[in-house]
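The values are calculated or read from the model by the stated rules, or taken from the named source; none is laboratory data. Keep in mind that this is a model prediction, so the values were computed, not measured. Glycine also receives a Cβ, built like all others from the backbone with ideal geometry; neighbour counts cover every protein chain displayed.
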Amino acid sequence: MTNIKNLKFICLSGLSLLLAACGYHLSPSPYNLLQPLTVSVPVAANQSPYGDLGPRLTRAVIVLLDSSANITVRETAPATLRLNITDVAVSGGAWDPNRNEYDLPTASASRVVNLTVEATLEKPGETGTPSSRRVRVSSHRTYYINNDESQTTLSEDADFNWVLDDLAQKIAQSIFSEF
C-alpha cells in the first residue's frame, strides 16, 4: 500500500514539475491576490460621442470582478478602480470593389470598433500611503455593413459589447496581477 502512495506522490510531483516547466503555476487565488480585496468602481469617464460606453464598461468590469471569489465590489471601499475611456473610434475596414455607394469606385464593406481604456487601481499601502497601479488596454472588433441599416446598427452594438467584455477581462487580469 505504501508503494502505491509513493507512486502517486512521485507522479503528482512529476506532473507539477512538468506544468511548472510549461509556464503554468498555481495561484493562491484568482488575479494573484494574496488576500481578499474590496474595491469600488465608479462609472467610467467617457468623453466620446458614444455616451453610454462609460456605464456599459463599468457594468462589464463589475460583473467580472463580482464573479471572483476574492474580490468584492462595493460602493465605498478602501480600494478604488478608476476607468477612463481615452479613445473610441469606428473606422472603415475592408473594401468591397463591387459596392458603389455615393458614386465612389469602392465602398467600405466593414467597420472596425476600436476602444482604449486607462484603468487605475488605488489602495492604501502597508504604511498608510496610497499605492496605485495603472494599465492601458485596447481592443478592437470588425463588423460588416449590411444593406439594412437596422442590421448594421445591431452588428455595431454587438461588437461594442464584445469589445467592452474583452476590455473588462484585460483590465481584471492585468490590474490585479501582483497587486
Query raised in the report: Listed residues Leu26, Leu33, Leu65, Leu37; which is surrounded by 10 or more Cβ atoms within 10 Å (Cβ to Cβ) and either modelled with pLDDT under 80 or closer than 30 Å to Ser91 by Cβ (or both)?
Result: Leu33
Query raised in the report: Within the set of pairs 6+ apart or on separate chains, which have a first residue in region 140-159 that is within 15 Å of Ala89 (Cα to Cα) and of a type in the set (Val, Ile, Thr), a second that is crowded, with 16+ Cβ neighbours inside 10 Å and at pLDDT below 80, and C-beta atoms under 6 Å apart?
Result: Thr142/Gly93
Query raised in the report: Would it be correct to say that Ser139 is in a loop (DSSP other than H, G, I, E, B), of a type outside the set (Val, Ile, Thr) and within 26 Å of Val41 (Cβ to Cβ)?
Result: no
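Please work out if Asp159 is assigned to a helix (DSSP H, G or I), within 9 Å of the chain's Cα centre (by Cα), charged (D, E, K, R) and crowded, with 16+ Cβ neighbours inside 10 Å.
Working: assigned to a helix (DSSP H, G or I): yes; within 9 Å of the chain's Cα centre (by Cα): no; charged (D, E, K, R): yes; crowded, with 16+ Cβ neighbours inside 10 Å: yes.
Judged against the criteria, Asp159 is not a match.
Given the options Ser91, Ser48, name the one that is over 17 Å from Val137 (Cα atoms), out of contact with any Asp or Glu (no Cβ under 6 Å at 6 or more places or on another chain) and modelled with pLDDT under 90.
Ser91
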